[in-house]
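Below is one structure, written out as structure tokens; the observations come after it.
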Amino acid sequence: MDTLDLLLHPVRLRITWCLSGGRTVTTSELCAQLPDVPKTTVYRHVGLLAEGGVLEVADERRVHGAVERHYRLRQDRTKIDDDEARAMSLDDHRRLFTAAMAALLAEFNGYLDREGADPATDLVGYKQGTVWLSEAEMADLAGEVVALLRARAANQPTDGRRPYLISPVFFPLARPETPASGA
């Protein structure tokens, strides 16, 4: 199974999100972070991700006679670069977007189901809007957003910090008619 096929599943996407930021976790800890996913499903998908090279074993320990593995995400295996994105079919893009939105919805529902969830206090946002941009302006905007996120991506977990899922989505709306000149 290639990396794209591995990532084209909502549960596997959620597992990669749980491991982002350089975190190392056991499958049991993943089960606790994904309480809405059956444990057998988490174990199966962790196995697939490890087999496919998306996860690697960072540490192994004996616990009550069994081997407990600590997994970490291989960042180089979770990115779809520009060339790979261009090579994807429209159906591949549709499947990846659907998996990403399903994973996002599951994460959001998990957040709302937690005791003490408070979207206003937690600065939860899901605003949408339309901006009119040329292709060059859109490229600049995307670059600026990526630069802003990269500036924070190296943050390590500390007291007072919590992980936030950020999911920018950009796509053009229907092409408007060209305004008549001189009208």
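The values are calculated or read from the model by the stated rules, or taken from the named source; none is laboratory data. Owing to the predicted nature of the structure, the values given are computational and were not obtained by experimental measurement. Heads up, the Cβs are rebuilt from the backbone with ideal geometry, glycines too, and the neighbour counts pull from every protein chain shown. The accessibility values were calculated without ligands, DNA or RNA, using every heavy atom of the protein model including side chains. Shrake-Rupley method; radii C 1.70, N 1.55, O 1.52, S 1.80 Å.
Accessible surface of Thr40, taken over heavy atoms with a 1.4 Å probe and every protein chain present, rounds to 110 Å². Helix content alone sets the calculated 222 nm mean residue ellipticity of the chain: runs of n ≥ 4 DSSP H residues at -39500 (n - 2.57) each, divided across all residues, give -14000 deg cm²/dmol.
Remind me, what semi-axes does segment 1-112 give for its equivalent ellipsoid, largest first in whole Å, using sqrt of 5 times each Cα gyration tensor eigenvalue? Don't jump to the answer; show the numbers that get you there.
Working: eigenvalues 128, 58, 25 Å².
Ellipsoid semi-axes (Å, largest first): 25, 17, 11.
Per-residue SASA remark: Leu141, around 60 Å² accessible (1.4 Å probe; ligands, DNA and RNA not included). Of the solvent-accessible surface of segment 1-137, computed with a 1.4 Å probe and all protein chains present, 53% belongs to carbon and sulfur.
Kindly sort Glu51, Glu137 by accessible area of their heavy atoms, largest first, with the probe set to 1.4 Å.
On the way: Glu51 160, Glu137 95 Å².
Per-residue accessible area, sorted high to low, gives Glu51, Glu137.
Remark: the chain carries a charge dipole of roughly 540 debye about the Cα centre, counting +1 on each Lys and Arg Cβ and -1 on each Asp and Glu Cβ.
The local environment of Thr158, defined by Cβ-Cβ distances under 15 Å, has a net charge of +3 under the rule Lys, Arg +1 and Asp, Glu -1. Here the relative contact order of the chain, from alpha carbon pairs under 8 Å that lie six or more residues apart, stands at 22 percent.
Remark: accessible surface ordering of Trp132, Trp17 (largest first) is Trp132, Trp17, probe radius 1.4 Å. For segment 72-125, a simple Cβ point-charge model (Lys and Arg +1, Asp and Glu -1, everything else neutral) yields a dipole of about 200 debye relative to the Cα centre.
The accessible-area ordering, largest first, of the residues Ile15, Ile80 stands as Ile80, Ile15, per a 1.4 angstrom probe.
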